[in-house]
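Nothing in this text is a laboratory measurement; each read-out follows from the coordinates by a stated rule. As the structure is a prediction and not an experimental result, all values here were calculated from the model. For neighbour counting, all protein chains shown are included, and Cβ atoms are generated from backbone atoms with ideal geometry for every residue, glycine included.
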Amino acid sequence: MGKTLTAKILESHLLQGTFEVGSEIAVKINQTLTQDSTGTMCYLQLLALDPDRCHTDLSVAYIDHNMLQTGFENMDDHVFIQSVAQHYGIIFSKAGGGICHQVHLERFSKPNSILIGSDSHTPTCGGVGSIAIGAGGLDVAIGMAKGFYFMKVPKVFNVILTGKPKSYLNGKDIILSVLQAISVKGGVGYIMEYSGDGLQYLSVTDRATICNMGAELGATTSIFPSDEITKTYFTQHQRPEDFVAMSADADAVYDETLVLNLSEIVPLAAKPHSPDNVVKVSELVGIKVDQVAIGSCTNSSYADMMKVAKILKGKQVHPNVSLVISPGSANILRLLAENGALSDMISAGARILESGCGPCIGMGQAPKSEGVSLRTFNRNFMGRSGTQNAQVYLVSPETAAYSAIDGAISDPLTHQDDLTIIQPATYGRVDRYFIYPPEIRKANPILMGPNIKPFPLSEIMSDDLTLPVLIKLKSNITTDDIVPSHAKLLPYRSNVPYLSDYCLTVFDPTVPKRARALNGSIIVAQENYGQGSSREHAALVPLYLGIKAVIAVSFARIHRSNLINVGLFPFTFENPEDLNLILPTDSIKLVNVVEQVQSGNRIEATILPSQKKIYLKLDLSDRESEVLLKGGWLNYVKGLKVGLV
Ligand code: MIC
Ligand code: SF4
């Protein structure tokens, strides 16, 4: 039986376990990346592990999220990360160098390698045939310190792309089409593997856009084969030696299949407030637009920027629209400056932002009240833009640029411009944002400013617990809901006590105060709890507030791991209908927790005061149950050897 590309890479990196769907394996990590908003916590944990050096081929610490520097807090974090990078041998990419995923794709991504990153959009590098997985900061710290990563063997979902796309079609329209077909939960438990004769029309950056937004499917990651198009990409980026051809066997067997005919896909948009709320752009034409934001790790490549510049050339941004553009990397910005495209953007009236996440994570450019914002980004969760009642639509750069000129949503298919981009023979490089680690590493001191507070540690779980329900929540609760992220809060990513005042306050402002007073409570939720980002703060903050467990119908992958990592129980229901038996004023009683967890996957719980019995599940691997019973992954991992040898 032929092998999938996923199986080929994971099996060749296997350190422990059996390669069977659903069972837990440990794999060797080649590369790690961090960004600054999850990086401080990750590096505090690396300090706690204090390895002799990084046990990866390459580790990079990017500064791209938190760049407003409204107070000393941001710079404290950045200086801290730089000092840790120098200490352990990690490449440091300074603020302005670009968005981690775009820069990593350009400079360091490798086919047939495994990358883990403390950001949910790490899968972007799947565009060159790398298994690139988003993980919590602790898992990434462990990757650096010990060279391994534990994961459940996912199923493989084959997306077969056939036919030739229409001109004006962007990778964004293709991934929106996948989201329309299978929803924000459709990728849970899968790696999305792309194949088919349509691949020949997709550039590496279009593929990267598709892999990037695979995170919105809930998928573990997404991957494309590395082929002649990948080879050209590596040559253009002056590192042909990093190319290796990789693909699935022709007779590979997949767990699930979706066929998409590219010739039938038209420009699409995700309407407020979910990336899978997808309709044709043609159905939205005429809706007045207040703001257009082009960039983010999804759509900020050279080709995307050049198409936008072509559309804007000689035109004027509509008087009622604020157009902001953030190129993905310093190198792209340099190329745009050199070839005159930047001048076309500025002449049209665009605002040029530095290369970073910016408005995507609410760092500035919050829309006006009830404003309509068109964004080329990947998430349009309510409030993420910084304005709770803004209406955010996710679109391609082509749709965004035409709409910015028209002042209303505009369908690229109704325009006649030739948007063909001539790729430069070489992209050149900007190297001066990288600080490479010195020869003598550990001699460099760690610099920790006053905003950096110790992270909370869990205690060994008590055997008998009666936990009042803190809050009962709906489906698809995001980590943005659990610990919001915007210009006012992002500076406190290394300060869990400060962030704890905002936990779930979008639903109920009394949550932090009540949780503290109870010092032992439980969250109840419907499906897909913790979707979205990899921020482990969404687990650390509840831990700090004394919350002991979450019962949900289902969990998003990274968040479930983050809960286990910090020692919080991610229970699911044996019978999802039992959710309806729990009232927001009830308590959940658990007895003999240790014995119940050790003896299997069926945990009896009693709802108080009704005394109704329900059964909960944990679906833990042996390692995960040890981690929970020993009070968290950090405690337990210290005893494991580098590479598990
Ligand atoms: C996001 O897009 O939500 C973020 C901000 O990049 C997060 C990381 C974070 O919360 O710092 C992510 O995607 O993991
Ligand atoms: Fe940055 Fe937005 Fe990408 Fe997250 S999704 S890494 S905030 S650009």
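Quick one: compute the contact order of the chain, relative version, from alpha carbon pairs under 8 angstrom and 6+ residues apart, as a percent.
15 percent
About its Cα centre, how strong a charge dipole does segment 523-645 have in debye, to the nearest 20, once Lys and Arg get +1 and Asp and Glu get -1 at the Cβ?
I would put it at about 360 debye.
Out of V159, T298, F72, whose Cα points farthest toward the positive end of the dipole of the chain (charges: +1 Lys, Arg; -1 Asp, Glu; placed on Cβ)?
Of the listed residues, the answer is F72.
Using the count of nearby Cβ atoms within 10 Å as a rough guide to exposure, how do R493, R514, R557 rank from fewest to most?
Fewest to most other Cβ atoms nearby, the residues stand as R514, R557, R493.
Taking the Cα centre of the chain as origin, sum charge times position over the Cβ atoms of Lys and Arg (+1) and Asp and Glu (-1), and report the length of that vector in debye to the nearest 20.
Rounded to the nearest 20 debye, it is 920 debye.
From the Cα gyration tensor of segment 452-505, with a ≥ b ≥ c the square roots of its eigenvalues, which class applies: rounded if a/c is under 1.5, or else prolate if a/b is larger than b/c, or else oblate?
Taking the square roots of the gyration eigenvalues as a ≥ b ≥ c, segment 452-505 is oblate.
If the viscosity is 1.306 mPa s and the temperature 10 °C, what translational diffusion coefficient in µm²/s does Stokes-Einstein give for segment 91-248 when Rh comes from Kirkwood over Cα pairs?
D = 100 µm²/s.
Rounded to the nearest 5, what is the percent of antiparallel bridges among the DSSP beta bridges in the chain?
Of all bridge pairs located within the chain, approximately 35 percent are antiparallel.
Counting pairs of Cα atoms in segment 311-433, how many percent are more than 23 Å apart?
Looking at segment 311-433, the distances longer than 23 Å represent 35 percent of pairs.
Can you pull out the trypsin sites (Lys or Arg not before Pro) in segment 294-389 that DSSP calls coil and that have at most 14 other Cβ atoms within 10 Å?
Of the trypsin sites (Lys or Arg not before Pro), the ones in loops of segment 294-389 whose Cβ has at most 14 other Cβ atoms within 10 Å are K368.
Regarding segment 223-292, what whole-number volume in Å³ per residue does the convex hull of its Cα atoms give?
Spelled out: Cα convex hull of segment 223-292, divided by residues, is 196 Å³.
Looking at segment 121-269, what % of its DSSP beta bridges pair antiparallel, to the nearest 5?
Within segment 121-269, antiparallel bridges account for around 10 percent of the total.
Treating only the Cβ atoms of Lys and Arg (+1) and Asp and Glu (-1) as charged, compute the dipole magnitude of segment 264-349 about its Cα centre; round to the nearest 20 debye.
200 debye
For the chain, what's the radius of gyration and Dmax over Cα atoms, in angstrom?
Calculated on Cα positions, Rg and Dmax stand at 23.6, 72 Å.
Summarise the long-distance tail of P(r) for segment 49-131 by giving the % of C-alpha pairs beyond 18 Å.
47 percent
Which listed residue (Y436, S410, S369) has the Cα farthest towards the positive end of the charge dipole for segment 353-499, taking +1 on Lys and Arg C-beta and -1 on Asp and Glu C-beta about the Cα centre?
Working it through, the farthest residue towards the positive pole turns out to be Y436.
Please give the residues of segment 71-104, grouped as numeric ranges, whose backbone N is less than 20 Å from a label point set 7 Å along the Cα-to-Cβ vector of A337.
93-100, 102-104
At q = 0.12, 0.16, 0.21 Å⁻¹, what log₁₀ I(q)/I(0) does segment 4-156 have when each alpha carbon counts as one equal point scatterer in the Debye sum?
Cα-only, vacuum Debye calculation for segment 4-156: -0.47, -0.81, -1.30.
Any idea which of Y529, V511, Y544 is furthest toward the positive side of the dipole for segment 508-566, if Lys and Arg beta-carbons carry +1 and Asp and Glu beta-carbons -1?
Y544
Is the C-alpha gyration tensor of segment 68-116 telling us rounded, prolate or oblate? Criteria: a/c under 1.5 is rounded; beyond that, a/b larger than b/c is prolate, otherwise oblate.
Since a/c reaches 1.5 but b/c is at least a/b, the shape of segment 68-116 is classed as oblate.
For the chain, which span is the longest to avoid every loop-located (per DSSP) member of GluC sites (Glu not before Pro) having at most 11 other Cβ atoms inside 10 Å?
With GluC sites (Glu not before Pro) excluded where exposed in loops, the chain gives 21-369 as its longest stretch.
What order do you get for L374, L563 when you list them from fewest to most C-beta neighbours inside 10 Å?
Ascending Cβ contact count within 10 Å gives the list L563, L374.
According to the square roots a ≥ b ≥ c of the eigenvalues of the Cα gyration tensor, what is the shape class of segment 221-380, taking rounded for a/c under 1.5, prolate for a/b larger than b/c otherwise, and oblate for the remainder?
oblate
Set the Förster radius R0 to 22 Å, insert the Cβ-Cβ distance between D418 and N261 as r into 1/(1 + (r/R0)^6), and round the FRET efficiency to 0.05.
0.35
When the C-alpha atoms of segment 154-235 are aligned to their principal axes, what extent does each axis show, in angstrom, from largest down?
So the extents along the principal axes, rounded to whole Å, are 34, 25, 18.
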